[in-house]
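Asker: Encoded as structure tokens, here's the structure I'll be asking about.
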Amino acid sequence: MIHRHNYDVVIIGAGGAGMRAALEASTHARTAVISKLYPTRSHTGAAQGGIAASLGNVEEDCVEWHIFDTIKGGDYLVDQDAARVLAEEACDAVVDLEHMGLPFNRTPDGRIDQRKFGGHTREHGAAPVRRACYAADRTGHMILQTLFQNCVKNNVEFYNEFYLMDLITENSPVTADDGAESQQGNTVNTTPRITGVVALDLATGDLHVFQAHAVIMATGGAGKVFRTTSNAHCLTGDGMALTLRAGLPLQDMEFVQFHPTGLAGLGILLSEAARGEGGVLRNCDGEAFMVNYAPNIKDLAPRDIVARAIATEVRQGRGCGPDKSYVHLDITHLPRDVIDAKLPDITEFARTYLGVEPYTEFVPTYPTAHYTMGGIPTTLHGQALDASQNPVTGLYAAGECACVSVHGANRLGTNSLLDTIVFGRRAGAAAAAFAAAQEPHATLTSAEASQAASAVVAELAALRTRTEGERVGQVRDELQTVMDTDAGVFRTDESLSDALDSIKEIRQRYASIAVDDRSLRYNTDVVEAIELGYLIDLAEVMATSARQRRESRGGHCREDFPTRDDAGHLWHTVAWRSDDGTVTLGRKPVVNEGYEPMERKY
Amino acid sequence: MIPRRDPAKRAVVVPQRAELTSWVIMRVTGALLIVLVGGHLAINLMTGHGVHSVDFAFVSGKWASPFWQVWDLLLLLAGLGHGANGMRTVINDYVRGDRARLTWKLVMGVVVAILVALGSLVIFTHDPCPHGAPADLLPSFCG
Amino acid sequence: MEITVKVRRVPEQEGASRSVVGAESSGEMAGAAQPRTGKARTSTAPGYWQTYHMEAKPTDRILDVLMALKSEQDGTLTFRRSCGHGICGSDAIRINGKNRLACKTLVKDLGPGRAITLEPLKGLPVVKDLVVDMEPFLAAYRSVLPYLIADTSTTPTTERLQSPQEHARFEKTTKCILCAACTTSCPVLWTNPDYTGPMAMVNAHRFVFDSRDVAAEERFAALSDGEGVWRCRTTFNCTEACPRDIPITEVIGELKRAMIAQAL
């Protein structure tokens, strides 16, 4: 049986962006939030260090410096109008969160306290500035809880543990007018109009068809493409992959951020806040090596630079440990009360997982796949764009799965939480405004709903009935190993070519995987198989995009092209699938509002 | 499967402060009992020849004084109140089903009521010099 | 090293309730559909024990063990997981009889040479294997108005001021990740599913002691009746179970004192 629902706005994902969008949309339109997890399980909760806003509560700061830092941090691949929106709306976004109840740490005079963070500077790079508003080292946790609390307060409707399975599209020519800044105005295009989604209710195994005027993707990143990652097991890029399968493009997918300080061997995140509070990275000789890579702001350089510095130290034989495979994070010189008050969670991670006491011992760290800068290209109001840059009617995206692009080639720490709040709100408002102007959908008949879900029914049936085949975990492990080895911190044309060959082979094997669990309820075995399909799609797009970009910029480091090439490569990569299934690449200009690219020194 | 009722739709609506009052009573009677029981044990067991001096005459002698009448009445009320309240929580925690709980609490209430009635009756109607009793068993002031 | 893992397997249960937050009716339906039978209240979950043998490192998380079992031996093994490092609260289960997060418990923490037992949380309906229905738990959460209710007559354009001392007053309860380890460790809940439970009290505390909040009395009302704070028997199970080291019993004590102070 297929259940039918009819809403104005359907939001996929209940993390920071999804719930912020829901708070906005639900006051204006009938809104449902579909989430594969209970909302408070979302990975926004793992964000630690802070959320950027030039409040200037503890020292002088201004919006313009924030814009500049964001653009420079993103290695000039940031759309500068988007960076302006991000920085300009940051203070309101943070104050708004405070009014919702977020328990920020406070200054002695009762205002929101701020700390230093990588890449955030005063006077265009002169010195680090205290711009990150924080709640101990669990800022993301507090944002997630606060948003969920307000969703409870506003009676937002959640469909928890529902998995997005498909987008429902309508292929009629449509006009785009959501009030967004679509340069093309009312251009008629043949891009599909999105009219709803098909979702799987994990608890019952039933399929649900949700009709909606606007669907907002807020499904987060795709870090599970890699083996060593700070990302949750659920971050399989569902929204990005299904957008791709609907014939729409993804942008800048070659740019993956490797966070410098993951717990060595595990990938669990140790916040940059550790360095913001004064922590120092040391190699096996005890040398604070960041001075060699960023003489000015040293350990507070942007993440791509620090991650490469660590990887370089290890490659050149100055790593620590029996295999010389990691470096040390040293916070032993910080007062214990500062560690307890400002870094309690990450010190506990070191104790729990590595048995290291950060008060007195160095913590082994190594870069870990952390954030996908790329994603679904959108307007400044969160509306998705097709391959010819026309807005897609009925589809919006916000947060990590979107690419506005405010992060360019490398995201600054604390800008992602800000991104979810600012562009989550914008997408929610735009989607609700668009939906409000539409006539309600005629509710689908049972037969129409079955038709809409037929592809999903077939996919699920095939997975549940196949008796012989490889295990999901085995294929997934191989994919992740390939991506770690060949498309990680350092890349070459050869490694990326190898990666693509491997992905091609893995895709063939994926076609005949088999699952053990044939039950209906809570069949996580089948769900993991479907997620693996998304990962394979996205890995292919990442490697293909990375191979085309023959330069090193931000998080994308090509050893065969070690410098940035503004003359030849100052464009966004746009990737979509052709009818024959191959990944096709296009280019899109970067929006420049006057910040000309310069050498990125810190 | 253990169902959960909506808190707003519980069958029995307990007055707002009943549980708070009961919690406070538990602490107050607890503290009171330490003093009362301590005093009781000290007088009865540690003075004179200890437990060997406790006999009819001893008890009658105490109850001739209004001070000890009030002391023992308080001991009776605090002890039964504290114990009954404790039993009530035990019933709440361990007896399953609203009806069974109510039944047990009623039984306990009746028993407590009987004990309070009997106890106070004894304290206030006690005759220290019953007619015809051997004089060596009676308090010294019986004439 | 070779380890033995005994997992409580529960076949998929009919009538797993839907979890639509905001639609209060769904919680009721879940309750109404289930008769309150004596059998339902048995302390052991339904199902059977299944024993697995596998290789593991002493530093492996129990979650790693579960994922390896699912990936290599038995895909039907069902459990929740997400972040893998104790911040999302998905994988609270009973490990060797104690409520813990599977991702914060290492094989070496459990003592060598004996089988590791994994069971679903007690006191919530088991849906399948280690997965329990969270809806009753979230209903308790909603009952204490778990959101800031500020005086809106004076909303400033900047942040509301709060001193570091005022912030410190409730900071410990902001750490809650709603994993249910505390509530399902409470013996009062095991026999009385209507009990508000420690998690909801922690989340009431988070707002009652927030200097910006003005709705303490309304939360006290929700915590006042026979299923509220006065039912706490201070067994300290919750404090011991909390993976976030929240001193829950102390928190409940603070609530009781605040409620008495308010009543006087």
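The values are calculated or read from the model by the stated rules, or taken from the named source; none is laboratory data. As the structure is a computational prediction, the values presented were derived from the model and not from experiment. Don't worry about glycine lacking a Cβ; one is built from the backbone with ideal geometry, like all the others, and counts go over all protein chains shown. Accessible surface areas use protein heavy atoms only, side chains included; no ligands, DNA or RNA. Shrake-Rupley method; radii C 1.70, N 1.55, O 1.52, S 1.80 Å.
Asker: Being open to solvent by less than 10 Å² (accessible area, probe 1.4 Å) and at pLDDT 90 or above is the filter here; which residues of segment A:170-201 pass it?
Answerer: A:Ile194, A:Gly196, A:Val197, A:Val198, A:Ala199, A:Leu200, A:Asp201
Asker: Residues C:Arg219, C:Arg257: which one is assigned to a helix (DSSP H, G or I), within 19 Å of C:Phe137 (Cβ to Cβ) and more than 14 Å from the chain's Cα centre (by Cα)? Talk me through it step by step, then tell me what you get.
Answerer: Details: C:Arg257 fails: within 19 Å of C:Phe137 (Cβ to Cβ).
So the residue among C:Arg219, C:Arg257 that is assigned to a helix (DSSP H, G or I), within 19 Å of C:Phe137 (Cβ to Cβ) and more than 14 Å from the chain's Cα centre (by Cα) is C:Arg219.
Asker: Are there any pairs with C-beta distances below 8 angstrom linking a residue in segment C:109-126 that is in contact (Cβ under 8 Å) with a residue 60 or more places away in the chain to a residue that is among the hydroxyl-bearing types (Ser, Thr, Tyr) and not in a strand (DSSP E or B), with the two at least 6 apart or on different chains, and if so which?
Answerer: C:Leu121/C:Thr184; C:Lys122/C:Ser43; C:Lys122/C:Thr184; C:Lys122/C:Ser185; C:Gly123/C:Thr183; C:Gly123/C:Thr184; C:Leu124/C:Thr184; C:Pro125/C:Ser17
Asker: From (1) β-branched (Val, Ile, Thr); (2) closer than 27 Å to C:Asp74 by Cα; (3) within 13 Å of chain A (Cβ to nearest Cβ), pick out the condition that doesn't hold for C:Ile177.
Answerer: (2)
Asker: Within segment C:80-100, can one find any residue that is facing chain A (nearest Cβ under 10 Å), in contact (Cβ under 8 Å) with a residue 60 or more places away in the chain and over 19 Å from the mean Cα position of the chain (by Cα)?
Answerer: No, segment C:80-100 contains no residue that is facing chain A (nearest Cβ under 10 Å), in contact (Cβ under 8 Å) with a residue 60 or more places away in the chain and over 19 Å from the mean Cα position of the chain (by Cα).
Asker: What is the residue count in segment A:316-350 for residues that are buried (at least 17 other Cβ atoms within 10 Å of the Cβ) and touching a strand residue (DSSP E or B) at 6+ places or on another chain (Cβ under 7 Å)?
Answerer: Of the residues in segment A:316-350, 9 are buried (at least 17 other Cβ atoms within 10 Å of the Cβ) and touching a strand residue (DSSP E or B) at 6+ places or on another chain (Cβ under 7 Å).
Asker: On the given criteria, is B:Arg101 under 26 Å from B:Leu20 (Cβ atoms) and not in a helix (DSSP H, G or I)?
Answerer: It is false that B:Arg101 is under 26 Å from B:Leu20 (Cβ atoms) and not in a helix (DSSP H, G or I).
Asker: Test C:Leu161 against the stated conditions and say whether it is over 27 Å from C:Leu264 (Cβ atoms), without any contact (Cβ under 8 Å) to a residue 24 or more places away in the chain, not in a helix (DSSP H, G or I) and not basic (Lys, Arg). Give the steps one after another, and end with the answer.
Answerer: Details: over 27 Å from C:Leu264 (Cβ atoms): yes; without any contact (Cβ under 8 Å) to a residue 24 or more places away in the chain: yes; not in a helix (DSSP H, G or I): yes; not basic (Lys, Arg): yes.
The answer is yes for C:Leu161.
Asker: Which of (1) surrounded by 24 or more Cβ atoms within 10 Å (Cβ to Cβ); (2) closer than 27 Å to A:Glu361 by Cα; (3) touching a Pro at 6+ places or on another chain (Cβ under 9 Å); (4) not hydrophobic (A, V, I, L, M, F, W, C) does A:Glu313 not meet, given it meets every other one?
Answerer: Of everything listed in (1) surrounded by 24 or more Cβ atoms within 10 Å (Cβ to Cβ); (2) closer than 27 Å to A:Glu361 by Cα; (3) touching a Pro at 6+ places or on another chain (Cβ under 9 Å); (4) not hydrophobic (A, V, I, L, M, F, W, C), A:Glu313 misses just condition (3).
Asker: Next up: Identify, by number, the condition in (1) open to solvent by less than 10 Å² (accessible area, probe 1.4 Å); (2) more than 9 Å from every other protein chain (Cβ to nearest Cβ); (3) without any contact (Cβ under 8 Å) to a residue 40 or more places away in the chain that C:Ile248 doesn't meet.
Answerer: Of the numbered conditions (1) open to solvent by less than 10 Å² (accessible area, probe 1.4 Å); (2) more than 9 Å from every other protein chain (Cβ to nearest Cβ); (3) without any contact (Cβ under 8 Å) to a residue 40 or more places away in the chain, the odd one out for C:Ile248 is (3).
Asker: I'm told C:Trp230 meets every condition in (1) among the aromatic types (Phe, Trp, Tyr); (2) within 12 Å of chain A (Cβ to nearest Cβ); (3) over 19 Å from the mean Cα position of the chain (by Cα) except one. Can you identify the failing condition by its number?
Answerer: Status for C:Trp230: all satisfied but (2).
Asker: Something else now. Step by step: first the residues of segment C:65-117, then only those that are under 30 Å from A:Ile513 (Cβ atoms) and among the polar types (S, T, N, Q), then the one that is most open to solvent (accessible area, probe 1.4 Å). Which residue is that?
Answerer: C:Gln73
Asker: Something else now. Among what's in segment A:558-583 and is assigned to a strand (DSSP E or B) and among the β-branched types (Val, Ile, Thr), pick the residue that is farthest from A:Ala409 (Cα to Cα).
Answerer: A:Val583
Asker: Of all residues in segment C:124-147 being over 26 Å from C:Asp213 (Cα atoms), facing another protein chain (nearest Cβ under 7 Å) and part of a loop (DSSP other than H, G, I, E, B), which is farthest from the chain's Cα centre (by Cα)?
Answerer: C:Pro125
Asker: Out of C:Arg206, C:Arg169, C:Arg142, which single residue is open to solvent by 10 Å² or more (accessible area, probe 1.4 Å) and within 18 Å of C:Ala258 (Cβ to Cβ)?
Answerer: Every option except C:Arg169 fails the conditions.
Asker: Looking at segment A:356-393 only, could you name the residues that are among the hydrophobic types (A, V, I, L, M, F, W, C) and open to solvent by 10 Å² or more (accessible area, probe 1.4 Å)?
Answerer: A:Val356, A:Phe362, A:Leu380, A:Leu385, A:Ala387
Asker: Further question on the same structure: Kindly establish whether C:His205 is within 9 Å of chain A (Cβ to nearest Cβ), part of a helix (DSSP H, G or I) and modelled with pLDDT of 95 or more. Spell out the reasoning first.
Answerer: On the way: within 9 Å of chain A (Cβ to nearest Cβ): no; part of a helix (DSSP H, G or I): yes; modelled with pLDDT of 95 or more: yes.
In short, no.
Asker: Step by step: first the residues of segment C:148-180, then only those that are hydroxyl-bearing (Ser, Thr, Tyr) and modelled with pLDDT of 95 or more, then the one that is farthest from the chain's Cα centre (by Cα). Which residue is that?
Answerer: Result: C:Ser163.
Asker: Would you pick out the residues in segment A:295-338 that are touching a residue at least 60 places away in the same chain (Cβ under 8 Å), touching a helix residue (DSSP H, G or I) at 6+ places or on another chain (Cβ under 9 Å) and of a type in the set (A, V, I, L, M, F, W, C)?
Answerer: Scanning segment A:295-338 gives A:Ile297, A:Leu300, A:Ala301, A:Ile305, A:Val306, A:Leu329.
Asker: Which condition number in (1) surrounded by fewer than 21 Cβ atoms within 10 Å (Cβ to Cβ); (2) away from chain A (no Cβ under 14 Å); (3) at pLDDT 95 or above; (4) over 14 Å from the mean Cα position of the chain (by Cα) is the one that C:Gln262 fails?
Answerer: (3)
Asker: Within segment A:112-132, can one find any residue that is open to solvent by 10 Å² or more (accessible area, probe 1.4 Å), among the charged types (D, E, K, R) and within 14 Å of chain C (Cβ to nearest Cβ)?
Answerer: Yes, segment A:112-132 contains at least one residue that is open to solvent by 10 Å² or more (accessible area, probe 1.4 Å), among the charged types (D, E, K, R) and within 14 Å of chain C (Cβ to nearest Cβ).
Asker: Of all residues in segment C:145-166 being over 27 Å from C:Gly197 (Cβ atoms) and hydroxyl-bearing (Ser, Thr, Tyr), which is surrounded by the fewest Cβ atoms within 10 Å (Cβ to Cβ)?
Answerer: The selected residue is C:Ser153.
Asker: Could I ask something else about it? With the condition kept exactly as written, say whether any residue in segment B:112-128 is under 30 Å from C:Tyr195 (Cα atoms) and either surrounded by 10 or more Cβ atoms within 10 Å (Cβ to Cβ) or of a type outside the set (Ser, Thr, Tyr) (or both).
Answerer: yes
Asker: I'd like to check something: does segment A:244-265 contain any residue that is surrounded by fewer than 21 Cβ atoms within 10 Å (Cβ to Cβ), within 14 Å of chain C (Cβ to nearest Cβ) and farther than 30 Å from A:Lys601 by Cβ?
Answerer: yes
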